[in-house]
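Step one of this worksheet: look at the structure below.
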């Protein structure tokens with residue numbers, strides 16, 4: 001069973017699980033297929049990308065799960081140990 005960090009929402013697991021089972025996809029299609037509001041999915045995707053669990057893979061903003069995201073789903077990663085990537089370079 002996977003753990004959840006304080007920053008995680010229940011939708012995060014559903015988004016990660018969907019992208020593990022399916023091919024990379026656009027946020028609107030993810031929202032539609034999961035029955036969630038687009039703005040909410042976009043917000044959660046932004047957070048999941050910041051923590052390295054998802055990544056954008058094209059200029060058209062198609063998302064896919066990362067190895068870190070797969071490790072989380074498989075219970076091999078404790079999300080409470082993650083810190084978000086800094087927006088400052």
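The values are calculated or read from the model by the stated rules, or taken from the named source; none is laboratory data. No experiment lies behind these values; they were computed from the predicted model shown. Glycine also receives a Cβ, built like all others from the backbone with ideal geometry; neighbour counts cover every protein chain displayed.
Points worth noting:
- Of all the criteria given as (1) at positive phi; (2) in contact with a helix residue (DSSP H, G or I) (Cβ under 7 Å, 6 or more places away or on another chain), the one not satisfied by residue 75 is (2).
Matching residues to (1) assigned to a loop (DSSP other than H, G, I, E, B); (2) surrounded by fewer than 16 Cβ atoms within 10 Å (Cβ to Cβ); (3) out of contact with any helix residue (DSSP H, G or I) (no Cβ under 7 Å at 6 or more places or on another chain); (4) at pLDDT 95 or above:
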| position | (1), (2), (3), (4) |
| --- | --- |
| 1 | yes, yes, yes, no |
| 14 | no, no, no, yes |
| 17 | no, yes, no, yes |
| 20 | no, yes, no, yes |
| 45 | no, no, no, yes |
| 52 | yes, no, no, yes |
| 58 | yes, yes, yes, no |
| 86 | yes, yes, yes, no |
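- Filtered residues of segment 60-73 (kept if within 21 Å of residue 2 (Cβ to Cβ), part of a loop (DSSP other than H, G, I, E, B) and touching a residue at least 24 places away in the same chain (Cβ under 8 Å)): none
- Condition met for residue 27 (modelled with pLDDT of 95 or more, in contact with a strand residue (DSSP E or B) (Cβ under 8 Å, 6 or more places away or on another chain), within 21 Å of residue 59 (Cβ to Cβ) and surrounded by 15 or more Cβ atoms within 10 Å (Cβ to Cβ)): yes
- Qualifying residue in segment 33-40 (condition: assigned to a helix (DSSP H, G or I), within 18 Å of residue 84 (Cα to Cα) and at pLDDT 95 or above): no
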